[in-house]
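Visitor: My questions all concern the structure below.
The values are calculated or read from the model by the stated rules, or taken from the named source; none is laboratory data. Here the structure is a predicted model, which means the values were calculated and not measured. Cβ placement follows ideal geometry from the backbone for every residue including glycine, while neighbour counts extend to all protein chains displayed. To get the accessible areas, we keep the full protein, side chains included, count just its heavy atoms, and leave off ligands, DNA and RNA. Shrake-Rupley method; radii C 1.70, N 1.55, O 1.52, S 1.80 Å.
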Amino acid sequence: MIEVLPSLNSLSSNPLRRLDTLGVTDFLDTLDISIDPFECAHRIWDQLDREHQEIVSFLMLGGEIDLDSEVAKRSLLKGTVETIASLGLLSKHNGNASLSGLSLIRYHGIWLFADAPSPSPLLYFGSDSIGLARRLSPSPGKNALDLCSGPGIQALILAKSGMHVTAIDINPIASEICQLNALVNGISEDLTVLTGSLYNALNNIESSCSYELITVNPPLLPIPEDVPYPFVGDGGPDGLNITSKVIRGAGDKLTDSGYLSAIGMIGLGTNNQSAFERIQNDLLQAGLNGVLTIISSFNLGPQSGWIDGIACTSVAHAPGKYSSKEEAVKQISRAYKKIHYDRVCAYHLKAWRERQPFQNPILTIQDCSADGNPLGPWIL
């Protein structure tokens, strides 16, 4: 949970520069954040000295530092803590200091404040965020729209690449952290942050424009009804509750040469291909053509790793809902069977305005998936 929010007007220019001189920037740039942060820490922990272990715990994992300890008085940790304090983000309790419920990471030269790892994040950043970021093709000088922006990694990358970006999230805390991220990266002039529901947030600005690129990393997990799950991940039973709205509204917002880039997941079954039909109907309504690339597939049969993962998060998110994790697995497995899903697929959708009457398929599907992709859902 976010404990402290800074006063953005009080921040100096380049407030994280001291982390460059301490070597923290270079250290964080060496870490693989495409994987779970705890897994990342586990892989490197034994090769790090005590100071760098504390840096990983403090900045990436939401850990606390004992300010009276000998290691906290060394220049690396002392300077890092002082830098965070200068941003107004340091939380102190009983002689310990933490990053106010946030984490601080680096990706492609971007500083990013987001939620510390949590079962119920408000400011989500994960492997799907990176999966979408890898697929960005910025057009410097043109306009971009980042929906469900969260802490803003897509918007930040696009703005740093020279695009004029509008970032929208329904969560006002996410909007404020996105503004903070723009400030610490020195790109506030090219990034406008709005709070609201998807395209409706644009009604609050005086003039509207067309966008060369619309990006969205929505709540995307196919979660059956009555399964409690954090709102930042719950995409409804087919995973398309938010994505469908984004597709249908994109046709009026894209330039003639622009495109929509969306990452998501869908539930499928031998006798249930309705998710594809829904996407195709949304594209038709918007006047768009699209290519959907299935990247990974996760089986929902016995001993399903997918169901086990959903159960772990659901139990942590809603204590008391289930008598045990095993009970959660059973109930969630039954819920997927009830809607006739036998697998969940991760995909990327690229869609564009069709200049001519529809002559090609509205939706082209290419399936590059294999069960249990060892590199994660978003990388082949």
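Visitor: Accessible area per residue for segment 256-302 in Å², computed with a 1.4 Å probe and the full protein assembly in place, what is it?
Guide: 36 Å²
Visitor: Let me ask you something else. Of 69, 368, 309, which is farthest along the charge dipole of the chain in the positive direction, counting Lys and Arg as +1 and Asp and Glu as -1 at C-beta?
Guide: Farthest towards the positive end: 368.
Visitor: Also: Students often forget the sequence filter, so: which lysines lie under 19 Å Cα-Cα from residue 338 once same-chain residues fewer than 8 apart are removed?
Guide: In chain and number order, the partners are 330.
Visitor: Take the alpha carbon gyration tensor of segment 1-131, find the square roots of its eigenvalues, order them as a ≥ b ≥ c, and report rounded if a/c is under 1.5; if not, report prolate when a/b exceeds b/c, else oblate.
Guide: rounded
Visitor: Right, next: Which value at 222 nm does the chain reach when only helices count, each DSSP H run of 4 or more adding -39,500 (n - 2.57), with the total divided by all residues and rounded to the nearest 500 deg cm²/dmol?
Guide: About -9000 deg cm²/dmol.
Visitor: Report relative contact order for the chain in percent, whole number only (criteria: Cα-Cα under 8 Å, sequence separation at least 6).
Guide: 13 percent
Visitor: On a straight-distance basis, which aspartates and glutamates could pair with residue 350 in a cross-link, Cα separation under 18 angstrom, same-chain partners fewer than 8 positions away excluded?
Guide: Straight-distance partners of residue 350: 128, 146, 212, 252, 256, 277, 282, 367.
Visitor: State the percentage of accessible surface on the chain attributable to carbon and sulfur atoms; use a 1.4 Å probe and exclude ligands, DNA and RNA.
Guide: That fraction is 47 percent.
Visitor: State which stretch of the chain is the longest one without any exposed GluC sites (Glu not before Pro), exposure meaning a DSSP loop state and at most 16 other Cβ atoms within 10 Å.
Guide: The segment 226-380 is the longest one with no such site.
Visitor: About the Cα centre, and with charges only on the beta carbon of Lys, Arg (+1) and Asp, Glu (-1), how big is the dipole of the chain? Nearest 20 debye, please.
Guide: 600 debye
Visitor: Using a 1.4 angstrom probe, figure out how much accessible area segment 1-158 has per residue, in square angstrom, rounded to the nearest whole.
Guide: 44 Å²
Visitor: Could you tell me the distance between the Cα centroids of segment 63-83 and segment 208-249, to the nearest Å?
Guide: A separation of 40 Å, based on Cα centres.
Visitor: In straight Cα distance, which aspartates and glutamates are under 20 Å from residue 73, not counting same-chain residues fewer than 8 positions off?
Guide: Partners within reach: 20, 49, 51, 54, 64, 82.
Visitor: Quick check on the chain: take the gyration tensor over C-alpha atoms, sort the square-rooted eigenvalues as a ≥ b ≥ c, and tell me if it's rounded (a/c under 1.5), prolate or oblate.
Guide: Here the chain falls in the oblate category.
Visitor: Towards the positive end of the charge dipole of segment 45-141, with charges on Cβ (+1 Lys, Arg; -1 Asp, Glu), say which of 131, 85, 113 has the farthest Cα.
Guide: Farthest along the dipole direction, towards plus: 131.
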